[in-house]
Amino acid sequence: MPDIVLLTGATGFLGTELAARLADTDAEKIYALVRAADSDAACHRLRQAWCHDKALYDQIGTRFIPVRGDFTKTDLGLSESDCKTLNETATLVIHAGAEVSFQKSKADFDTTNLTGTANMIDAAKQMKNLRRFVYISTAYVAGQRKGVIMEDAPAAEDYSNYYEKSKAEAEKLVHQSGLPYSVCRPGMIVGNSETGWIRNFNTVYYVLKMLLLGRLRVIPAKPDTMLNIVPGDYVADCIAGIAMDSEAEGRIFHLTCPKDAAPRA
């Protein structure tokens, strides 16, 4: 039976890349949860986010359905009719929405990454035909652990920032949810490997910007330090494949570059 998908984070970079992959599957319909004042504003916001991709843009309102909502709120902030539709039809949830800015407070991270994930889990439990809950975590739930880290290893105890900690705690909620889940842990996501396209120039791009502007003359790192970066299209390809593979249920996946392919500082 073709999937009916609920996708969060659709206006972000990874969410957009994921939408493009879902368009190539046999999914019948993809509901994109969008924060907006009303349904028209949700549609407008999704069109703005996807205006660079004509194939996606042209399917908004037909195969891709913008749904006004907010996963940081109870019942995802959905209208009664949208809530009923999703509960009765959705078969696959892909939760890609998250707070990733390191300039946010602990409260911001907890609200979006922790409470938001708890709300998504609660919503998924109400879906009568759910076959999988795919949670997009991060390889940085490893925190300050060193060495080889297995995908089924216990959670870290020490973290470098609130982002890592909030994502680790949210992932724990997924494991304990009782839902049929898959967890994906990408490294630091950078632009599309073919086009270079990315939504925002943050993470490693910010460091490069400071270098190019002459505002950063020294990087405090060894030249052979490996960078845990991975192209967004590779991550999206993997997540789409995992979501559609029945053998991926109950498993965790590190979406990172092989050691011999990782770039050096």
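The values are calculated or read from the model by the stated rules, or taken from the named source; none is laboratory data. Everything numeric here is computed off the predicted structure, so don't read it as measured data. Note that we place each Cβ from the backbone using ideal geometry, even for glycine, and neighbour counts take in every protein chain shown. Calculation scope for accessible area: heavy atoms of the full protein, side chains included, ligands and nucleic acids excluded. Shrake-Rupley method; radii C 1.70, N 1.55, O 1.52, S 1.80 Å.
Taking Asp24 as the residue in question, decide whether it is in contact with a Gly (Cβ under 7 Å, 6 or more places away or on another chain) and not in a helix (DSSP H, G or I).
no
Mind listing just one residue for me: the one in the stretch 52-104 that is part of a loop (DSSP other than H, G, I, E, B) and touching a Lys or Arg at 6+ places or on another chain (Cβ under 8 Å) and, of those, farthest from Ala243 (Cα to Cα)?
Ser79
Give the number of residues within the stretch 235-265 that are of a type outside the set (D, E, K, R) and assigned to a helix (DSSP H, G or I).
12
Provide a single number: the residues in the stretch 30-62 that are surrounded by 15 or more Cβ atoms within 10 Å (Cβ to Cβ) and within 21 Å of Glu88 (Cα to Cα).
The number of residues fulfilling the criteria is 6.
Can you tell me which residues in the stretch 145-186 are assigned to a loop (DSSP other than H, G, I, E, B), touching a strand residue (DSSP E or B) at 6+ places or on another chain (Cβ under 6 Å) and at pLDDT 95 or above?
Matches in the stretch 145-186: Leu179, Pro180.
I need a count of the residues in the stretch 120-141 that are farther than 22 Å from Ala236 by Cβ and crowded, with 20+ Cβ neighbours inside 10 Å.
Residues meeting the conditions: 3.
Name the residues in the stretch 245-258 that are open to solvent by 80 Å² or more (accessible area, probe 1.4 Å) and touching a strand residue (DSSP E or B) at 6+ places or on another chain (Cβ under 7 Å), would you?
Those that are open to solvent by 80 Å² or more (accessible area, probe 1.4 Å) and touching a strand residue (DSSP E or B) at 6+ places or on another chain (Cβ under 7 Å): Glu249, Arg251.
Which numbered condition in (1) among the polar types (S, T, N, Q); (2) surrounded by 11 or more Cβ atoms within 10 Å (Cβ to Cβ); (3) in a loop (DSSP other than H, G, I, E, B) is the only one that Thr195 fails?
Single failed check for Thr195: (2).
Given the conditions (1) surrounded by 12 or more Cβ atoms within 10 Å (Cβ to Cβ); (2) under 20 Å from Ser101 (Cβ atoms); (3) without any contact (Cβ under 8 Å) to a residue 12 or more places away in the chain, and given that Thr203 satisfies all but one, which numbered condition is not satisfied?
So the condition that Thr203 fails would be (3).
With the structure loaded, tell me whether Ala90 is among the hydrophobic types (A, V, I, L, M, F, W, C) and open to solvent by 40 Å² or more (accessible area, probe 1.4 Å) or whether it fails that test.
no
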